[in-house]
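The values are calculated or read from the model by the stated rules, or taken from the named source; none is laboratory data. Quick caveat: nothing in here was measured; it's all calculated off a predicted structure. These area figures cover heavy atoms from the full protein model, side chains too; ligands, DNA and RNA do not enter into them. Shrake-Rupley method; radii C 1.70, N 1.55, O 1.52, S 1.80 Å.
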Amino acid sequence: MRLLTHNFLQSNVKGTEKGYPLNIEVTTIKYEESPVDKEFLLNLLPKVNYNALIAAVKQMSPHCEEPLPELPETMDVSNTQQNQKLDDDTIANLHKVLFDVYLVEGWLICPDTGRKFPVKESIPNMILHEDEI
């Protein structure tokens, strides 16, 4: 599961008030380099919750063989004009964390209820049990 995917997932367990962003418990991570598509990234960036992305990077970094790239601690990704001025290194670093780092095995954990959703073979299973609907 890419961090891009993680950025859009939330817990919908009955009674959950704060099911986003999900915490990450890592068992296995994979890094698979892909070509950077600057235009695609810049179009996607305003849809990303940057604070959730930074939190996810911090949770996964200790489990990576090579350190994940440094990202600015804060960034207003909703400002499309400002995004156009991002330097190539920042674009490459954003691309790497959003598209090239995969959670292969592990858990996504609801910050409100503690419910653990398994991730197996890079696929998150967000299906709720009958009593959670």
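If each DSSP helix of 4+ residues adds -39,500 (n - 2.57) and the sum is divided by the residues in the chain, what number results at 222 nm, nearest 500 deg cm²/dmol? Each step should come with its number before you reach the end.
Working: 5 runs with 35 residues, N = 133.
The helix contribution divided over the chain gives -6500 deg cm²/dmol.
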Fill in the blank from the handout: By the Kirkwood definition, with r running over pairs of different Cα atoms, the stretch 53-98 has a hydrodynamic radius in Å of 11.5
Handout entry: Shape parameters for the stretch 78-128, alpha-carbon atoms, Rg then Dmax in Å
Key = 15.9, 42
Practice task
Enter the Cα centre distance for the pair the stretch 81-121 and the stretch 3-50, rounded to the nearest angstrom.
Solution key: 4
Problem - P(r) of the stretch 1-55 over all Cα-Cα pairs, binned every 10 Å from zero, in whole percent - result: 18, 44, 30, 7, 0
Practice task
List the extent of the Cα atoms of the chain along each of their three principal axes, largest first, rounded to whole Å.
Solution key: 48, 31, 22
Exercise for the section: Determine the alpha carbon to alpha carbon distance for each of 85/116; 18/85; 38/120; 14/85; 14/96 and list only those over 32 Å. Expected result: 85/116; 18/85; 14/85; 14/96
Practice task
Grab the eigenvalues of the alpha-carbon gyration tensor for the stretch 28-89, scale each by 5, take roots, and send me the semi-axes largest first in whole angstrom.
Solution key: 22, 15, 10
Exercise for the section: Compare 64, 110 by solvent-accessible area with a 1.4 Å probe and give them largest first, with all protein chains kept in place. Expected result: 64, 110
Practice task
Return the carbon/sulfur percentage of the accessible area of the stretch 25-74, one whole number, probe 1.4 Å, all protein chains in place.
Solution key: 49
Handout entry: Integer Hz, Karplus 6.51/-1.76/1.60 couplings in order for the stretch 36-44, x for Gly and Pro
Key = 7, 10, 4, 4, 4, 4, 5, 6, 7
Fill in the blank from the handout: Quick tally, 1.4 Å probe accessible area for 54, 29, sorted with the most first, runs 29, 54
Handout entry: 1.4 Å probe accessible area per residue over the chain, in Å²
Key = 59
